[in-house]
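The values are calculated or read from the model by the stated rules, or taken from the named source; none is laboratory data. This structure is a prediction, so every number in the text was calculated from the model and none was measured. Neighbour counts run over all protein chains shown; Cβ positions are idealised from the backbone, glycine included.
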Amino acid sequence: MHKSKSCILIVFLLTILTVNCAGHNNVQTSKQDTKNSEHTESINQITNKKTLAIKKYRLKAGHKVEANWTIPKDAKCADNKTATIAITISSDGNVKDIVVEKESGCNALDNSAILAIKDSTPFPPFPKETDLKETTLVIHFKSEGERRLTNKECLKIGKYRIEAKHRIHGNWIMQEKSKCNKNEIASVAFTIIPDGAIKDIIFVKKAECEELNNAALSSIKRSAPFKPFPKDIDLKKIKLGVNLNTDGVQGLTESKNLSADTYRLEVAYRVQEKWHPPNDSKCEDDAITSIVFTVISDGTIKNVFFTEESNCNGLDNSALSAINRAAPFKPFPKDLITEDYRNKIQLD
């Protein structure tokens, strides 16, 4: 779409935000349909509609437990301990039974896992698409790594990543008479540890032009160390991936303004918080809807319209509702000099 000079294009992919933003997954789930259930068919023999419904239900139940779980800070739990717990959920969402199938060897870990399950009950009732009377969910609680982060914590980490990308862009040096094609991209990933130092630098994809690869690596090394993690980011590491072309870091606003990129991220997370995935069996797993809207300086929105509909009314309507619930956004910061943003939101 055409964008005026006073507008900044914002692209937001929800699927990136719905996973653990730290890149860890310490609660893993598997399913067991109880033998005592009146519904004795294997899950593989149920229709695709029923299969999809129960899979989504189990996934959401596991995420709810994970969100309520805090890894205990007990030194005895530090050596990659795992507690395996099975919970039987009735169709009304109540938990019938909790069984510790495998103790971790750390009482604090076992107790925190059970507490997370109790704090998560009751679960929602089973979806209408399934006629199961009950189901058993096996959950593995691992002490290694970090817990699933809240949306607010993910936002703070997102801001840290944006600042790091701006620092890399600020240290970008490329010869004006470079022979590299402007369309070439070098993709680099690395790890930042709490004191801001970096390690494990790898090329995810090298450019054909070696000069671009060298410039990308040099700009990252010149940028290190980054600033230490804020006190409210309790992580052992943050992974960062950067795409660079002959002009520097890709994915930043056209103006390369830190305030603009930070505001863009805040808009995206606020929409994320207000979005409720539709429980619509007509929605394919890869369905995507795209909506463009403009945020003006006082935080209100205008000119909301679809650029791509998903052929699933549930997804399209939920996306539009999320944007309307998220507005108004906070006013522009004082150092952000622009009349408005044009935001392109993609939800799937």
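From the residues in region 216-248 that are out of contact with any Ser or Thr (no Cβ under 8 Å at 6 or more places or on another chain) and of a type in the set (A, V, I, L, M), which one is surrounded by the most Cβ atoms within 10 Å (Cβ to Cβ)?
A216
Please find, within region 73-96, the residue that is nearest to P278 (Cα to Cα) out of those that are crowded, with 18+ Cβ neighbours inside 10 Å and modelled with pLDDT under 85.
Per the stated criteria, the residue is K81.
Check region 168-188 and report whether any residue there is surrounded by 11 or more Cβ atoms within 10 Å (Cβ to Cβ), more than 23 Å from G158 (Cβ to Cβ), in contact with a Phe, Trp or Tyr (Cβ under 8 Å, 6 or more places away or on another chain) and without any contact (Cβ under 8 Å) to a residue 60 or more places away in the chain.
Narrowing region 168-188 to residues surrounded by 11 or more Cβ atoms within 10 Å (Cβ to Cβ): 168-172, 174, 178, 180-181, 184-188.
Remaining after also requiring more than 23 Å from G158 (Cβ to Cβ): 174, 178, 180-181, 184.
Narrowing the set further to residues that are in contact with a Phe, Trp or Tyr (Cβ under 8 Å, 6 or more places away or on another chain) leaves none.
The answer is no; no qualifying residue exists.
Inside region 205-234, can you point out the residues that are of a type in the set (V, I, T) and more than 19 Å from W172 (Cα to Cα)? Let's see the steps before the verdict.
Initially, region 205-234 is screened for residues of a type in the set (V, I, T), giving 220, 233.
Residue satisfying the conditions is I233 alone.
What's the total number of residues in region 260-307 that are out of contact with any strand residue (DSSP E or B) (no Cβ under 9 Å at 6 or more places or on another chain), part of a loop (DSSP other than H, G, I, E, B), of a type in the set (S, T, Y) and modelled with pLDDT of 80 or more?
1
Only one of V242, V204 is in a strand (DSSP E or B) and within 22 Å of K159 (Cβ to Cβ); which? If you could, list the steps in order and put the result at the bottom.
Values: V204 fails: within 22 Å of K159 (Cβ to Cβ).
None of the other options fit; the residue is V242.
Could you say which residue among K156, K179, K96 is more than 17 Å from L59 (Cβ to Cβ) and in a loop (DSSP other than H, G, I, E, B)? Before you say what the answer is, go through the steps one by one.
On the way: K156 fails: in a loop (DSSP other than H, G, I, E, B); K96 fails: in a loop (DSSP other than H, G, I, E, B).
Just a single option satisfies the conditions, and that option is K179.
Any residue in region 146-153 that is part of a helix (DSSP H, G or I), more than 30 Å from A215 (Cβ to Cβ) and of a type in the set (D, E, K, R)? Write out each step before concluding.
Looking only at region 146-153, we keep the residues that are part of a helix (DSSP H, G or I), and these are 151-153.
Imposing the further condition that a residue be more than 30 Å from A215 (Cβ to Cβ) reduces the set to 151-153.
Checking the rest, the ones that are also of a type in the set (D, E, K, R) come to 152-153.
Within region 146-153, one or more residues are part of a helix (DSSP H, G or I), more than 30 Å from A215 (Cβ to Cβ) and of a type in the set (D, E, K, R).
Kindly evaluate S318 against the criterion of being at pLDDT 80 or above and in a helix (DSSP H, G or I).
Values: at pLDDT 80 or above: yes; in a helix (DSSP H, G or I): yes.
The answer is yes for S318.
Return yes when T150 is surrounded by 13 or more Cβ atoms within 10 Å (Cβ to Cβ) and among the β-branched types (V, I, T) and no when it is not.
Details: surrounded by 13 or more Cβ atoms within 10 Å (Cβ to Cβ): no; among the β-branched types (V, I, T): yes.
For T150, the condition - surrounded by 13 or more Cβ atoms within 10 Å (Cβ to Cβ) and among the β-branched types (V, I, T) - is not met.
Can you find even one residue in region 184-198 that is under 30 Å from A86 (Cα atoms) and not small (G, A, S)? Break it down stepwise before answering.
Of all residues in region 184-198, those under 30 Å from A86 (Cα atoms) come to none.
No, that holds for no residue.
Cβ contacts < 7 Å: first residue crowded, with 20+ Cβ neighbours inside 10 Å, restricted to region 123-141; second residue modelled with pLDDT of 85 or more and of a type in the set (F, W, Y), any location; separation 6+ or different chain. Result?
L132/F126
Could you list, in sequence order, the residues of region 106-129 that are touching a Lys or Arg at 6+ places or on another chain (Cβ under 6 Å) and outside any helix (DSSP H, G or I)?
Hits for region 106-129 are C106, E129.
Report every pair of residues separated by at least 6 positions or lying on different chains whose Cβ atoms are under 9 Å apart, first residue within region 66-91 and farther than 15 Å from N111 by Cα and part of a strand (DSSP E or B), second at pLDDT below 75 and hydroxyl-bearing (S, T, Y).
T88/T34
Based on what the data block shows, is H166 closer than 30 Å to K50 by Cα and either outside any loop (DSSP other than H, G, I, E, B) or touching a helix residue (DSSP H, G or I) at 6+ places or on another chain (Cβ under 7 Å) (or both)? If you could, list the steps in order and put the result at the bottom.
Details: closer than 30 Å to K50 by Cα: no; either outside any loop (DSSP other than H, G, I, E, B) or touching a helix residue (DSSP H, G or I) at 6+ places or on another chain (Cβ under 7 Å) (or both): yes.
Against the criterion (closer than 30 Å to K50 by Cα and either outside any loop (DSSP other than H, G, I, E, B) or touching a helix residue (DSSP H, G or I) at 6+ places or on another chain (Cβ under 7 Å) (or both)), H166 does not qualify.
Could you pull out the residue among K205, K199 that is modelled with pLDDT under 95, under 11 Å from N243 (Cα atoms), exposed (fewer than 15 other Cβ atoms within 10 Å of the Cβ) and in contact with a Ser or Thr (Cβ under 7 Å, 6 or more places away or on another chain)? Working first, answer last.
Details: K199 fails: under 11 Å from N243 (Cα atoms).
K205 is the lone residue from the list that is modelled with pLDDT under 95, under 11 Å from N243 (Cα atoms), exposed (fewer than 15 other Cβ atoms within 10 Å of the Cβ) and in contact with a Ser or Thr (Cβ under 7 Å, 6 or more places away or on another chain).
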